[in-house]
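*Asks:* Would you mind keeping the following structure in view while I ask a few things?
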Amino acid sequence: MKKFALILSIMATMVVLAACGSSESANGEGEDGKKTLVMGTSADYKPFEFIDTANSDEIVGFDIDIAKHITEELGYELKIENMDFSGLIAALNSNKVDFVFAGMSPNEKREKQVDFSDIYYEAHNAVVSMEDTSIEEISDLEGKKIGVQLGSIQEGKAKELQEEYEGIEVIQRDLIPQLVEELKTGRIDAAIIEDSVTSGYLEKNEKLTQFILDPNTSKGSAAAFPEDSELVEEFNKEIENMKESGKMDELIKKWFENGGKSE
C-alpha cells in the first residue's frame with residue numbers, strides 16, 4: 001500500500017513539473033532560456049497591426065515590427081496575443097500581457113490605469129464617409145450616425161461632438177473593417193478613424209472620402225504597460241535609439257509609404 005502511494009506521489013509531481021514547463025504566462029521563459037514578454041494588440045488596425053491572410057494569418061504591421069525590434073534588442077522573446085481593443089487595458093491590469101502596442105494614444109482616463117512609453121508616432125483623426133453623403137466639414141455631422149472603434153480615442157472625440165452638434169448618434173464597433181463595411185452599406189453616415197489607417201481603405205474604395213477633424217493638432221501613439229513597470233524605461237531608451245539611428249523612419253516609410261514592403 002505504501003509503495004502504491006509513493007508511485008501516485010511521484011506521478012503527481014511529474015504532472016506538476018510538466019505543467020510548469022509548458023506554461024506560457026506573461027513574463028515566462030522561452031525554450032532558449034530568454035524571458036518571454038507577452039504583447040497585447042488588436043490586429044484590425046492596418047498598417048499598425050493586422051492579420052496577413054496571404055501569409056498563414058500572421059500578425060504583421062508597424063507596431064509589430066517595432067515590438068520585435070525592441071524586444072530583440074533587449075534580449076526578450078516575444079509572444080503576441082490578439083484581442084479586442086476595448087479589452088487591452090484590462091489585460092494589462094490582470095497581468096495577462098506585459099505590454100500593449102496597438103496604435104494607442106495616451107489620454108487622461110487611460111493614464112489613470114496604466115503607464116505609457118514616450119510617443120513613437122503622431123497622426124490625426126479623420127472623418128471618413130461615402131462621397132455621395134456630401135460630408136465635408138464638422139457641421140455636416142449634425143443628425144448623423146458616426147461610427148467609432150469601441151474603447152478608442154476616437155470614441156471619446158465622437159462623444160465630444162455629440163455635445164456640440166445636435167442629433168449625432170455614436171455607433172460603436174469592435175473592429176475598423178466593421179466600420180468601413182457599415183459605411184459602404186449605409187448603416188452609418190461617417191466614421192472617425194486615424195488618418196494613417198484610412199489611407200489604405202481610401203486607395204481600395206474610390207467612393208470613400210475624408211477630411212481631417214483637427215488639422216492643427218495631432219495625437220500620438222505609445223506603448224502601454226502596467227503601472228510602475230520597469231519595462232517603460234527600457235522601451236523608452238530603445239524608442240529613442242530607433243529615432244536616432246533612423247530605424248523608426250525606416251519602418252514609417254515601410255508601412256505608411258511602401259505598403260509594408262522594405263526597400
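*Asks:* Going toward the positive end of the dipole of segment 159-256, with +1 on Lys and Arg Cβ and -1 on Asp and Glu Cβ, which of 165, 185, 229 do you reach last?
*Replies:* Of the options given, the answer is 185.
*Asks:* I've got another one for you. What angle do you read, to the nearest 10 degrees and between 0 and 90, between the alpha-carbon axis of helix 62-74 and the longest principal axis of the chain?
*Replies:* The two axes meet at around 30 degrees.
*Asks:* With N set to the number of residues, divide the alpha-carbon radius of gyration of segment 82-177 by 2.2 N^0.38 Å and report two decimals.
*Replies:* Numbers: Rg = 15.4 Å, N = 96, 2.2 N^0.38 = 12.5 Å.
Scaled against compact globular proteins, the figure is 1.23.
*Asks:* Carbon and sulfur together cover what percent of the accessible area of the chain at a 1.4 Å probe radius? Intermediate results must be reported in sequence, preceding the final value.
*Replies:* On the way: 6620 of 14280 Å².
Carbon and sulfur: 46 percent of the exposed surface of the chain.
*Asks:* If contacts are Cα pairs under 8 angstrom and at least 6 residues apart, what is the relative contact order of the chain in percent?
*Replies:* Once normalised by length, the contact order is 23 percent.
*Asks:* Any lysines with Cα under 28 Å of the residue 34 Cα? List them, leaving off those in the same chain fewer than 8 positions away.
*Replies:* By straight Cα distance, residue 34 reaches 68, 79, 96, 237, 243, 247.
*Asks:* Using 7 Å Cα-to-Cβ label points, what is the residue 230/residue 214 separation (nm, one decimal)?
*Replies:* With each label point 7 Å from Cα toward Cβ, the separation is 3.6 nm.
*Asks:* Another one. Check each of the trypsin sites (Lys or Arg not before Pro) in segment 99-147 and keep only those in coil by DSSP with at most 10 other C-beta atoms within 10 angstrom; list them in order.
*Replies:* On the way: sites: 109, 110, 112, 144, 145; in loops: 112, 144.
Passing sites in segment 99-147 are 112.
*Asks:* Using only Cα atoms, tell me the angle between helix 195-204 and the longest principal axis of the chain; keep it within 0 to 90° and round to the nearest 10.
*Replies:* Value to nearest ten degrees: 70.
*Asks:* Taking the Cα centre as origin and putting +1 on Lys and Arg beta-carbons and -1 on Asp and Glu beta-carbons, what dipole magnitude results for the chain, to the nearest 20 debye? Mind dumping the intermediate values first?
*Replies:* Numbers: 27 positive and 55 negative charges, 250 e Å.
The dipole of the chain has a size of about 1200 debye.
*Asks:* With θ set to phi - 60° and the Karplus curve 6.51 cos²θ - 1.76 cosθ + 1.60, what are the ³J(HN,Hα) couplings of segment 120-132 in order, to the nearest whole Hz, using x for Gly and Pro?
*Replies:* 10, 7, 10, 8, 10, 7, 10, 9, 9, 8, 7, 4, 6
*Asks:* Moving to a separate point now. Tell me which residues come under 5 Å, amide H to amide H, from residue 36 once H is placed; ignore anything under 5 positions away on its chain.
*Replies:* For residue 36, whose amide H was placed from the backbone, the distant partners under 5 Å are 28, 29, 30, 77.
*Asks:* How large is Rg over Rh for the chain, taking Rg from the Cα atoms and Rh as the Kirkwood inverse mean of 1/r across Cα pairs?
*Replies:* Numbers: Rg = 21.9 Å, Rh = 20.3 Å.
Ratio value, two decimals: 1.08.
*Asks:* When the helix-only estimate is applied to the chain (DSSP H runs of n ≥ 4, each -39,500 (n - 2.57), divided by the residue count), what is the mean residue ellipticity at 222 nm, nearest 500 deg cm²/dmol? Mind dumping the intermediate values first?
*Replies:* Details: 9 runs with 99 residues, N = 263.
The helix contribution divided over the chain gives -11500 deg cm²/dmol.
*Asks:* Okay, next question. Pairs of lysine in segment 114-231 with Cα under 16 Å and at least 8 positions apart or on different chains: total?
*Replies:* Lysine pairs satisfying the spacing and distance rule in segment 114-231 number 9.
*Asks:* While we're on this one: Could you give the length gained by full extension between residue 206 and residue 139, i.e. 0.36 nm per residue of separation minus their alpha carbon distance, to one decimal place? Intermediate results must be reported in sequence, preceding the final value.
*Replies:* Values: separation 67, 0.36 × 67 = 24.12 nm, distance 2.36 nm.
Between residue 206 and residue 139, full extension yields 21.8 nm more.
*Asks:* Tell me the per residue accessible area of the chain using a 1.4 Å probe; a whole number in Å² is fine. Could you put the intermediate results ahead of the total?
*Replies:* Values: 14280 Å² over 263 residues.
Heavy-atom accessible area per residue stands at 54 Å².
The values are calculated or read from the model by the stated rules, or taken from the named source; none is laboratory data. The model shown is predicted, which means the values in this text are computed figures rather than measured ones. Here the Cβ is made from the backbone with ideal geometry for all residues, glycine too, and neighbour counts use every protein chain on show. The protein model used for the area step is the full one, side chains on, heavy atoms only, and it has no ligands, DNA or RNA in it. Shrake-Rupley method; radii C 1.70, N 1.55, O 1.52, S 1.80 Å.
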